[in-house]
Amino acid sequence: MTMGDRLRELRLRKNISQEEVARQIGITRSAYSHYEINNRQPVYETLKKLAVLFNVSLDYIIGGEPARSDTSVTPEAIEIIRILNGMDQERRKQSIDRMMAVLKQADRS
């Protein structure tokens with residue numbers, strides 16, 4: 001199975017369009033389409049974004065091990081990761097602590 005075949009399979013399994021994949025990883029639909037038909041190879045940073053979006057390893061996308069799971073990473077989770085990655089370590093820790101406190105309080109309700 002080629003990388004393009006895997007990307008297409010993952011996208012269809014997630015039931016989203018090429019346009020949606022492209023939007024979520026910050027490229028054009030045309031560029032993503034070329035990946036699926038094996039006319040272009042994504043750069044490393046794009047591969048990492050695709051792996052996060054589809055919840056699989058980089059190795060799986062490029063032709064290795066099977067997918068980790070069929071669970072999907074939501075667009076909201078990806079956005080939270082992007083925000084957290086943009087913070088310094090102390091601010092990231094504080095933000096995670098606040099989120100955990102909110103989740104614990106919601107569990108008690």
Fill in the blank from the handout: Selection from region 22-46 of residues under 10 Å from Leu7 (Cβ atoms) and touching a Leu at 6+ places or on another chain (Cβ under 7 Å) yields Tyr35, Glu36, Pro42
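Every residue, every condition in (1) among the aliphatic types (A, V, I, L, M); (2) over 14 Å from the mean Cα position of the chain (by Cα), yes or no:
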| residue | (1), (2) |
| --- | --- |
| Met1 | yes, yes |
| Lys14 | no, no |
| Leu58 | yes, no |
| Ala77 | yes, no |
| Lys104 | no, yes |
Exercise for the section: Could you tell me whether Gln105 is out of contact with any strand residue (DSSP E or B) (no Cβ under 8 Å at 6 or more places or on another chain) and within 24 Å of Thr2 (Cβ to Cβ)? Expected result: no
Problem - Residue in region 73-88 that is over 20 Å from Arg6 (Cα atoms) and at pLDDT 90 or above present - result: yes
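The values are calculated or read from the model by the stated rules, or taken from the named source; none is laboratory data. For clarity, every value in this text was computed on a predicted model and none was experimentally measured. In this analysis, Cβ positions are derived from the backbone assuming ideal geometry, glycine residues included, and neighbour counts consider all displayed protein chains.
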